[in-house]
1. Residue check, LEU112 against (1) exposed (fewer than 14 other Cβ atoms within 10 Å of the Cβ); (2) of a type outside the set (Gly, Ala, Ser); (3) in contact with a strand residue (DSSP E or B) (Cβ under 8 Å, 6 or more places away or on another chain), all met but one. Which one?
2. Could you grab the pairs with beta carbons closer than 6 Å, sequence gap of 6+ or different chains, first residue in segment 20-32 and free of Cβ contacts under 8 Å to residues at least 24 places away in the same chain, second one assigned to a helix (DSSP H, G or I) and among the aromatic types (Phe, Trp, Tyr)?
3. Test of understanding: among LEU129, LEU100, LEU112, which residue is at pLDDT below 90 and either over 14 Å from the mean Cα position of the chain (by Cα) or not in a helix (DSSP H, G or I) (or both)?
4. Looking at segment 91-125, which of its residues are touching a residue at least 12 places away in the same chain (Cβ under 8 Å) and of a type in the set (Lys, Arg)?
5. Considering segment 63-84 alone, what residues qualify as being under 14 Å from the mean Cα position of the chain (by Cα), surrounded by 14 or more Cβ atoms within 10 Å (Cβ to Cβ) and touching a residue at least 40 places away in the same chain (Cβ under 8 Å)?
6. Which residue pairs have Cβ atoms closer than 7 Å, lie 6 or more positions apart in sequence or on different chains, and pair a first residue in segment 39-52 that is under 19 Å from SER106 (Cβ atoms) with a second residue that is of a type in the set (Phe, Trp, Tyr) and assigned to a helix (DSSP H, G or I)?
7. Check segment 24-42 and report whether any residue there is in a helix (DSSP H, G or I), of a type in the set (Val, Ile, Thr) and crowded, with 18+ Cβ neighbours inside 10 Å.
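The values are calculated or read from the model by the stated rules, or taken from the named source; none is laboratory data. In this text the structure is predicted, and so the values were computed from the model without any measurement. Virtual Cβ from ideal backbone geometry, glycine too; neighbours counted across all protein chains shown.
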Amino acid sequence: MMKTAEILRVMKYGISGGIGTIIDFSLFSALILFTSNSYIISNIISFSLGTIVVFYLQKNWTFKYNSNGEMMLYARYIAVVIVTFLFSTVFLSIFIRILLIDPIISKIIQILVSTILNYFMLKYFVFGLPGGFLSKYRRTKEKC
C-alpha cells in the first residue's frame with residue numbers, strides 16, 4: 001500500500017504534469033490546426049515548452065529537490081526528456097503514418113503512455129528517490 005507521502009507526490013506529479021500536458025497539447029493542436037507545420041515540428045515546439053515548465057514544477061514542488069548539483073540534475077532531466085521525446089515522436093509516427101490515426105487523437109494516446117514512463121524515470125533516475133540508483137545522493141528540503 002502506498003504511503004501518504006507517496007500518494008501526495010503522485011498527486012503533485014499529476015498536477016504539475018497536467019499543466020505541462022495542457023501547454024504541450026494546446027500548442028501542438030494550435031500549430032497543427034492553424035499553421036503549416038508538420039506534426040514533428042509541432043511536437044518539437046510544444047514538447048519543449050511543456051518540458052521547461054514541468055522541470056521547474058517537478059524540481060521545486062513535486063520532488064522538492066534541493067542540491068548544489070543543479071547542472072547534473074538538469075543533465076539527467078534533459079536525458080529523460082530526450083528519451084521521452086524520441087519515444088513520443090516514434091509513437092506519433094507509428095500512429096499517424098502507419099496506423100493512420102488522427103494526429104490529435106495520436107497525441108492524446110502518446111501523452112497518456114509517456115506520462116507513466118516519465119514518472120518512473122524522473123522518480124528514480126533524475127531525482128533519485130528511495131529505491132532508485134541515485135537515492136544515496138539525494139538531498140531534500142523535506143521528506144515529501
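1. LEU112 satisfies every listed condition except (3).
2. As it stands, the answer is none, since no pair meets every condition given.
3. On the way: LEU100 fails: at pLDDT below 90; LEU112 fails: either over 14 Å from the mean Cα position of the chain (by Cα) or not in a helix (DSSP H, G or I) (or both).
Residue meeting the stated conditions: LEU129.
4. Those that are touching a residue at least 12 places away in the same chain (Cβ under 8 Å) and of a type in the set (Lys, Arg): LYS107, LYS123.
5. PHE63, ARG76, TYR77, VAL80
6. These pairs meet every condition: SER42/PHE28; ASN43/PHE28; SER46/PHE28; PHE47/PHE85.
7. Our first condition is that a residue be in a helix (DSSP H, G or I); within segment 24-42, this holds for 24-34, 39-42.
Those still in the list that are of a type in the set (Val, Ile, Thr) too: 32, 40-41.
From the residues that got through so far, the ones that are crowded, with 18+ Cβ neighbours inside 10 Å too are 32.
Checked against the condition, which is being in a helix (DSSP H, G or I), of a type in the set (Val, Ile, Thr) and crowded, with 18+ Cβ neighbours inside 10 Å, segment 24-42 yields at least one hit.
Conditions (1) assigned to a helix (DSSP H, G or I); (2) at pLDDT below 85; (3) farther than 24 Å from PHE28 by Cβ, marked per residue:
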| residue | (1), (2), (3) |
| --- | --- |
| VAL83 | yes, no, no |
| ILE96 | yes, no, no |
| ILE105 | yes, no, no |
| LEU122 | yes, yes, no |
| PHE125 | yes, yes, yes |
